[in-house]
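For reference, the structure is listed below as structure tokens.
The values are calculated or read from the model by the stated rules, or taken from the named source; none is laboratory data. Treat the numbers as computed from the prediction; the structure is a model and nothing was measured. Here the Cβ positions follow ideal geometry from the backbone for every residue, glycine too, while neighbour counts run over all protein chains shown. Accessible surface is based on the protein model in full, side chains and every heavy atom, while ligands, DNA and RNA are left aside. Shrake-Rupley method; radii C 1.70, N 1.55, O 1.52, S 1.80 Å.
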Amino acid sequence: MSKTLPDLSPKEASSWKALEKHHKNIADVSILSHFKNEPNRMAYTTFEWEDFYIDISKNRIDRKGFDLLIELAKESKLEEAISAQFSGAKINATENRAVLHTALRSLKKDPVFVDGQNILPEVQNAQNKMYAFCEEVISGKWKGYTGKSITHIVNIGIGGSDLGPAMVVEALAHYQNHLEVRFVSNVEGDHHVEILKGLDPETTLFVIVSKTFTTQETLSNANSIREWFLAQAPVSGIAKHFVAVSTNLEKTKAFGIDPENTFPMNDWVGGRFSLWSTVGISICLAVGPNHFKALLHGAGKMDLHFQEAPLQKNIPIVLALLSIWYNNFYGAETEALIPYTQYLRNLPAYLQQGIMESNGKSVGRNGTRVDYQTGTIIWGASGTNAQHAFFQLIHQGTKLIPSDFIGFKKSLNGNQEHQQKLLANFIAQTEALMTGKTRDQVLQELEKTKLTETQKKELIPFKVFEGNKPTNTLLIDQLTPASLGALIALYEHKIYVQGIIWNIYSYDQWGVELGKQLANTVLEDIQKGVSNPHDPSTLNLLSRI
Ligand code: F6P
């Protein structure tokens, strides 16, 4: 294993110890008191960057705590770790790989070396091949086996080969061309049947996306869909209707895909960070190369900010540190993510893979179990729908749930009345979460009702809001390919910062292997009647299938 990243337990850092002490002192101080105590609070808790405005002032932290968190980042050698990532060092040590999805959107012209080889020309070739192909399909020049142009795209993939492209295609629906893009991921036979409904093989293009080209779900779906296709079309039609994205060119060829129609990707791009690569071909088909390039450009700008901005002004770093503050000092286990636009309704699901597959680790970089909490649980839904679903628990439940509110100043379709209402909710919720409602305020409200004095008294505790619930506000001008790229890159970098401080490896995912292995064993039991040894519960379940 290459040990590019140091082994530094955060608990050994003097700033960590100071944070523990400081937490005891301020845990009971309300956010509103911080505002009163710190006349300059807004100066260090708000950030303007490009078309982003970030406000972290509504957090249970003061200047001293903030400075200690910055100190923790320094003691964790974060700046060195960031340089290591961008320079192509093999920071994914357990897989002996570099982590260079950033090279796919690099705005710098400097070469990036992996094993002594500058990878940028290869990146450019793959991108140009994808752009040329997408232009042919979009323009209608690419013809199907009966000479008709393509009207529908089906992306066959799972995990990083599905969630990112699906989320971005949905997010950029406003920018989409005439092609209709569908996604099939689940191995359940019903999923692909539903996806194929109404599709015409003569005008449908299937994109099989699998970094490894060994994933059970993707290959099962690809095989079934090929059968569906061949039931209506000749074998020669495969070349016009099936393309693949993979690192495993032998396996794509064995599947019958023309090498000409295979778009390569590299092992230095992790699945959950791969939408920027040829894995994003469905995005590129949906919105065209120019918008795809703008997506990359926005992410590239965020990469520069991450590399160059001072720690205390560095948005991904500051958000990561706050997350650590709640996770490790307040004992918060989950974080909510509330995008105030329906276009981003799948951002939480997408980031669940990014964040939880990356930082859901319990072994430190020294190979032993960590004795502190790591990966946060991410969940959420679009506002205002979320307000009518789970906000009750955030406002009045027993759990502390730090939340990110992501909103856009301008809507895409210009309906001002709706937009004003949306933004009113966006802002009001963070205010309500912080300020809450006191007994006196509740009483005043009840005084205006016709309830009896006893009824009023009984109701008061149920109508009180403790408040003091922390939120970050990310206010962005408008949802564009570039701002979306920057937003996704922001969260990607937040993941790495947390992994560095928690002294874990963020870029492997060994935790998904055991289930895959056992599923193969259990499949043998089901398909071949083999009696593999299992525990009593599993044997009982098997007997019922
Ligand atoms: O869920 C595990 C995983 O390896 C993810 O990291 C990846 O995004 C997904 O499976 C799909 O893998 P592939 O692209 O190789 O089919």
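Tabulated values for the structure
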item: Residue among Glu357, Glu333 that alone is of a type in the set (Asp, Glu), surrounded by fewer than 18 Cβ atoms within 10 Å (Cβ to Cβ) and either more than 16 Å from the ligand (Cβ to nearest atom) or in the same structural domain as Trp502 (by TED's automatic domain parsing) (or both); result: Glu333
item: Ser236 vs. criteria of a type in the set (Gly, Ala, Ser), farther than 21 Å from Ile138 by Cα and open to solvent by 50 Å² or more (accessible area, probe 1.4 Å); result: yes
item: Number of positions in the stretch 446-492 that are touching a residue at least 60 places away in the same chain (Cβ under 8 Å) and aromatic (Phe, Trp, Tyr); result: 2
item: Test result for Leu275, outside any helix (DSSP H, G or I) and not assigned by TED's automatic domain parsing to the domain that holds Phe183; result: yes
item: Single residue of Lys457, Lys450 found to be surrounded by fewer than 15 Cβ atoms within 10 Å (Cβ to Cβ), assigned to a helix (DSSP H, G or I) and either outside the structural domain of Asp28 (by TED's automatic domain parsing) or among the polar types (S, T, N, Q) (or both); result: Lys457
item: Ile501 vs. criteria away from the ligand (no atom under 16 Å from the Cβ) and assigned by TED's automatic domain parsing to the domain that holds Glu75; result: yes
item: Failed condition for Asp535, given (1) touching a Ser or Thr at 6+ places or on another chain (Cβ under 8 Å); (2) at pLDDT 95 or above; (3) open to solvent by 10 Å² or more (accessible area, probe 1.4 Å); result: (1)
item: Of all residues making up the stretch 172-197, the number that are touching a strand residue (DSSP E or B) at 6+ places or on another chain (Cβ under 9 Å) and either farther than 18 Å from Asp162 by Cα or among the charged types (D, E, K, R) (or both); result: 3
item: Residue match in the stretch 421-428 (condition: assigned to a loop (DSSP other than H, G, I, E, B), in contact with a helix residue (DSSP H, G or I) (Cβ under 8 Å, 6 or more places away or on another chain) and in contact (Cβ under 8 Å) with a residue 12 or more places away in the chain); result: no
item: Answer residue from the stretch 360-403, given it is closer than 27 Å to Ala489 by Cβ and charged (D, E, K, R) and is farthest from the ligand (Cβ to nearest atom) among those; result: Arg365
item: Helices (runs of 4 or more DSSP H) contained in the stretch 31-140 and holding at least 2 residues of a type in the set (A, V, I, L, M, F, W, C), surrounded by 14 or more Cβ atoms within 10 Å (Cβ to Cβ) and not assigned by TED's automatic domain parsing to the domain that holds Phe329; result: 120-139
item: Condition check for Tyr507: open to solvent by 10 Å² or more (accessible area, probe 1.4 Å) and of a type in the set (Phe, Trp, Tyr); result: yes
item: First in the stretch 3-15 and closer than 12 Å to Gly367 by Cα and of a type in the set (Gly, Ala, Ser), second anywhere and open to solvent by 60 Å² or more (accessible area, probe 1.4 Å) and not in a helix (DSSP H, G or I), Cβ under 8 Å, 6 or more apart; result: Ser9/Asn366
item: Candidates Pro348, Pro339, Pro310, filtered to the one that is assigned by TED's automatic domain parsing to the domain that holds Leu72 and open to solvent by 20 Å² or more (accessible area, probe 1.4 Å); result: Pro310
item: Residue list for the stretch 81-134, filter: modelled with pLDDT of 95 or more and basic (Lys, Arg); result: Lys90, Arg97, Arg105, Lys129
item: Qualifying positions in the stretch 145-201 - more than 19 Å from Val279 (Cα to Cα), crowded, with 20+ Cβ neighbours inside 10 Å and without any contact (Cβ under 8 Å) to a residue 40 or more places away in the chain; result: His192
item: Qualifying residues in the stretch 207-226 (those that are part of a loop (DSSP other than H, G, I, E, B) and open to solvent by 40 Å² or more (accessible area, probe 1.4 Å)) - the one farthest from the ligand (Cβ to nearest atom); result: Thr214
item: Flag for Ile401 being part of a loop (DSSP other than H, G, I, E, B) and either touching a Gly at 6+ places or on another chain (Cβ under 8 Å) or modelled with pLDDT of 95 or more (or both); result: yes
item: Sole residue being more than 16 Å from the ligand (Cβ to nearest atom), acidic (Asp, Glu), part of a helix (DSSP H, G or I) and closer than 23 Å to Thr262 by Cα, chosen from Glu194, Glu202; result: Glu202
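Residues checked against (1) of a type in the set (Gly, Ala, Ser); (2) more than 30 Å from Tyr372 (Cβ to Cβ); (3) more than 16 Å from the ligand (Cβ to nearest atom):
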position	(1), (2), (3)
Leu490	no, no, yes
Ser506	yes, no, no
Val522	no, yes, yes
Gln527	no, yes, yes
Ser531	yes, yes, yes
His534	no, yes, yes
Ser543	yes, yes, yes
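Residue-by-condition table, conditions (1) within 16 Å of the ligand (Cβ to nearest atom); (2) of a type in the set (A, V, I, L, M); (3) not in a helix (DSSP H, G or I):
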site: Trp228; (1), (2), (3): no, no, no
site: Gln232; (1), (2), (3): no, no, yes
site: Lys240; (1), (2), (3): no, no, no
site: Ala244; (1), (2), (3): yes, yes, yes
site: Lys251; (1), (2), (3): yes, no, no
site: Phe263; (1), (2), (3): yes, no, yes
site: Pro289; (1), (2), (3): no, no, no
site: Lys293; (1), (2), (3): no, no, no
site: Lys301; (1), (2), (3): no, no, no
